Structure formats: structure tokens, C-alpha cells
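First the structure, in the form of C-alpha cells, and then the observations on it.
The values are calculated or read from the model by the stated rules, or taken from the named source; none is laboratory data. Computed from a predicted structure; not experimentally measured. All Cβ positions, even for glycine, are placed from backbone atoms using ideal geometry, and neighbour counts span all protein chains on display. For the accessible areas, the whole protein counts, side chains as well, though only heavy atoms, and no ligand, DNA or RNA atoms are used. Shrake-Rupley method; radii C 1.70, N 1.55, O 1.52, S 1.80 Å.
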Amino acid sequence: MGKDVIIALDFDSKAKTLAFLDQFTGKKPFVKIGMELFYAEGPSIVREVKARGHKIFLDLKLHDIPNTVKKAMAVLSGLDVDMTNLHAAGTVRMMQGALEGLTRPDGTRPLLIAVTQLTSTDQESMENDLLIKEPIADVVMHYASNAAKAGLDGVVCSPLEAGVVHDKCGKNFLTVTPGVRFADGDIGDQKRVMTPAAAKEIGSDYIVVGRPITAAADPVAAYERCVAEFVD
Ligand code: C5P
């Protein structure tokens, strides 16, 4: 898989999701299914969107003991998703277990990406709530290195971190970056944003785009604009 735009299907029902996808006649964008839609509709929504021909990033951010994550990942792999994720805070051993569980009998598996520190966590909450005293940038890079050590394919990170993650973990270590906005668009609740063109420039491998596409007057045109800036 190469550079691509992933649309975040942040909807709370199958009806809204399929009505949104129906607008993309003849196109099969890579899509992200997160907790909201998965918990609303269950695994059947993954099967249905997959059967329509879309690649799927299943964004459930697993974090539990290694054996439980390994077995849960085996189930997700059976759903034939293309990419999924977990929290690097679950330790290297948990990430290794996840990879084992994800690997299918024929040796293939979905891409596995780690969340380092959530972008909603800042230095203050990390120090006060988690008792982690190091600078947050160092913690993010340490978790990214752990993910690479465990054999994962990459991390979810801010587009602003994509360059340094590649420098430290190698250019083939994937950076999947949300927080993307058009230069003339609303930033909403995202704090540190980048345009699709800037994300391409800094070396993001995949951009995850939600509201700039899902809330656009013309979602197909907004998607095509992202592709034109980021991929073409
Ligand atoms: O609407 P918007 O473009 O902000 O959506 C971004 C998507 O990426 C959402 O599904 C959000 O949950 C996800 N995400 C994020 N920041 C992270 C990890 C995931 O915005 N650090």
C-alpha cells in the first residue's frame, strides 16, 4: 500500500455510513471505522463496507494483557481489515502478542499501527495523571521506537511528528496522520493541523481526514481535493 487518503467514517449508524458512501459512485476510498460506528453496528458494518470494495482501517486502539490482545487481534484479522491499531503503552510484549494474533494462517496480516500518546494528552496531564515526567516529545519517540522494536508497521502521529518519526524509525516505518485541514477550512477541535499538501511534503504515509470531507457541502469534491494535494 502506498500513500493514501483515509476518510474517518465518524457516524453512529449504518444508515448514515452507507448514505455517505453511496455518494462516491465508482470510487472506493480507503476508510476508517472507529469505536463509535463499530460499537453501534458491530462487526457486520466492517463486513458490509469491505464487501463494497473499500480498504478498512479499524481504529479500536486495543490495550489489555498480551494474551487478550493477541486473541482479539486474531478475530479482527478474520474480518479482513487492511489496517488496525493498539496503544503502545501496553508494552512491547503486548505489541508482539498482537502481531502474532493478527497473522493469518497463510502468513498475511493487516498493517498494525501504534498510538503513542494521544494528542489529547498534554505535558501537564501526562505528569499529573500518569506520573510520566519526561518531555512528551521524548515519550512519543520512545513509544514509536518500542513499536518498531516489536515489529509493528508504524504509528499514528501528528503530521508535525512524521518527519522525526521517519528519521528515528526509518523511512519505511509508516506514519498515519490525523489533524489534516484545508488551508481555507475550519480547524474545529484539532489543535495542531497541517494541509494535505504540507503533510505530503513532510512525508506522511497516510492522512486520516474526517470532518473536512464528511461535513463538506460536496464530500466527493473535498475527497478529490485531498487526493490531488496529497497523492497526485
Ligand atoms: O474530523 P477530523 O478530521 O478531526 O477527524 C480525525 C479523525 O482522526 C477522527 O476519527 C479522530 O478520532 C482521529 N484521531 C485524531 N487524533 C488522534 C488519533 C485519531 O484526530 N491522535
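For the range 159-232, which fully contained helices (runs of 4 or more DSSP H) count at least 1 residues that are within 16 Å of A144 (Cα to Cα), touching a residue at least 24 places away in the same chain (Cβ under 8 Å) and open to solvent by 40 Å² or more (accessible area, probe 1.4 Å)?
162-169
Among (1) over 27 Å from A150 (Cα atoms); (2) more than 15 Å from the chain's Cα centre (by Cα), where does T68 come up short?
Among (1) over 27 Å from A150 (Cα atoms); (2) more than 15 Å from the chain's Cα centre (by Cα), the lone unmet condition for T68 is (1).
Among what's in the range 8-66 and is among the basic types (K, R) and assigned to a helix (DSSP H, G or I), pick the residue that is least open to solvent (accessible area, probe 1.4 Å).
Looking at the filtered set, the residue picked out is K50.
Out of (1) at pLDDT below 95; (2) open to solvent by 40 Å² or more (accessible area, probe 1.4 Å), the odd one out for H142 is which?
Evaluating H142 over (1) at pLDDT below 95; (2) open to solvent by 40 Å² or more (accessible area, probe 1.4 Å) leaves (1) as the failure.
Is it true that some residue in the range 103-123 is assigned to a helix (DSSP H, G or I) and either small (G, A, S) or within 13 Å of the ligand (Cβ to nearest atom) (or both)?
no
What number goes with the only condition from (1) touching a residue at least 12 places away in the same chain (Cβ under 8 Å); (2) open to solvent by 30 Å² or more (accessible area, probe 1.4 Å) that E134 does not pass?
(1)
Can you tell me which condition M73 does not meet? The list is (1) in contact (Cβ under 8 Å) with a residue 60 or more places away in the chain; (2) assigned to a helix (DSSP H, G or I); (3) more than 16 Å from G210 (Cα to Cα), and all the others hold.
(1)
Only residues that are open to solvent by less than 60 Å² (accessible area, probe 1.4 Å) and in contact with a Leu (Cβ under 7 Å, 6 or more places away or on another chain): list them for the range 95-110, please.
M95, A98, L99, L102, P110
Quick check on my filter: what residues within the range 151-200 are within 12 Å of the ligand (Cβ to nearest atom), of a type in the set (G, A, S) and within 21 Å of H87 (Cα to Cα)?
S158, G179
How about the range 130-158: which of its residues are over 14 Å from the mean Cα position of the chain (by Cα), among the hydrophobic types (A, V, I, L, M, F, W, C) and not in a helix (DSSP H, G or I)?
L131, I132
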